[in-house]
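Below you'll find the structure, written out as structure tokens, and then a few comments.
The values are calculated or read from the model by the stated rules, or taken from the named source; none is laboratory data. Since the structure is predicted, the reported quantities are computational estimates derived from the model, not experimental observations. Using ideal geometry, Cβ is built from the backbone for each residue, glycine included, and neighbour counts are taken over all protein chains shown.
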Amino acid sequence: MTICTSMTSLPPKPKLYNRPWHLDLDDRRHHGHRQWDRAVLERLIDLISRFDFLYPPDWSDLNSIRFRASGVSDNFAEIRTDDPHAVVLILWPKGKSSPITVSSAADLSIGFERRLAVSAADFRSRLTAAK
């Protein structure tokens, strides 16, 4: 039996867990059946990324994009992209608020932005209390 010790002989890892994968840029992810608008996902990421206490989005998971902060183990937000019919946003605290299903830009109303701001304020106060 021969054991390969050279890393150069291994094929590169496929880059499936990144931004183009979640945005379904080549229409392969949902086999051409994605019904939600890519602009919705871009807008969600833009809105959530504005909070200065969060790290940049974590694109590494196959089914979701996560937003975390330093000093806590919970995600502030998780965007599920595995459903071809809609993007699902789960805000902190998980289990205490219902997931938000977004399939078009119309779903991102002023009420949505208010709900996002309230969740962010609660999360920020938790961060402050933890320090």
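Elements of the type strands (runs of 3 or more DSSP E) sitting completely within the range 30-131 and holding at least 1 residues that are touching a residue at least 12 places away in the same chain (Cβ under 8 Å) and farther than 15 Å from ARG19 by Cβ: these cover 77-80, 87-91, 100-102.
Give the residues of the range 82-91 that are crowded, with 21+ Cβ neighbours inside 10 Å and modelled with pLDDT under 90, sorted by residue number.
If the condition is that a residue be crowded, with 21+ Cβ neighbours inside 10 Å and modelled with pLDDT under 90, then LEU91 is the only one that fits.
Taking the conditions exactly as written (at pLDDT 85 or above and touching a helix residue (DSSP H, G or I) at 6+ places or on another chain (Cβ under 9 Å)), does PRO56 satisfy them or not? Criteria met by PRO56. Please verify whether the range 18-33 includes one or more residues that are at pLDDT 85 or above, within 11 Å of the chain's Cα centre (by Cα) and surrounded by 12 or more Cβ atoms within 10 Å (Cβ to Cβ). No, every residue in the range 18-33 fails to be at pLDDT 85 or above, within 11 Å of the chain's Cα centre (by Cα) and surrounded by 12 or more Cβ atoms within 10 Å (Cβ to Cβ).
Looking at the structure I just gave you, is PRO11 in a helix (DSSP H, G or I) and either at pLDDT below 75 or surrounded by fewer than 17 Cβ atoms within 10 Å (Cβ to Cβ) (or both)?
no
Annotation: of all residues in the range 69-80 being surrounded by 18 or more Cβ atoms within 10 Å (Cβ to Cβ) and modelled with pLDDT of 90 or more, the one that is farthest from the chain's Cα centre (by Cα) is PHE76.
If only residues of the range 59-68 that are touching a helix residue (DSSP H, G or I) at 6+ places or on another chain (Cβ under 8 Å) and modelled with pLDDT under 90 are counted, the one that is surrounded by the fewest Cβ atoms within 10 Å (Cβ to Cβ) is LEU62. Evaluated against (1) surrounded by 15 or more Cβ atoms within 10 Å (Cβ to Cβ); (2) at pLDDT 85 or above; (3) over 10 Å from the mean Cα position of the chain (by Cα); (4) hydroxyl-bearing (Ser, Thr, Tyr), SER103 falls short on exactly one condition, (2).
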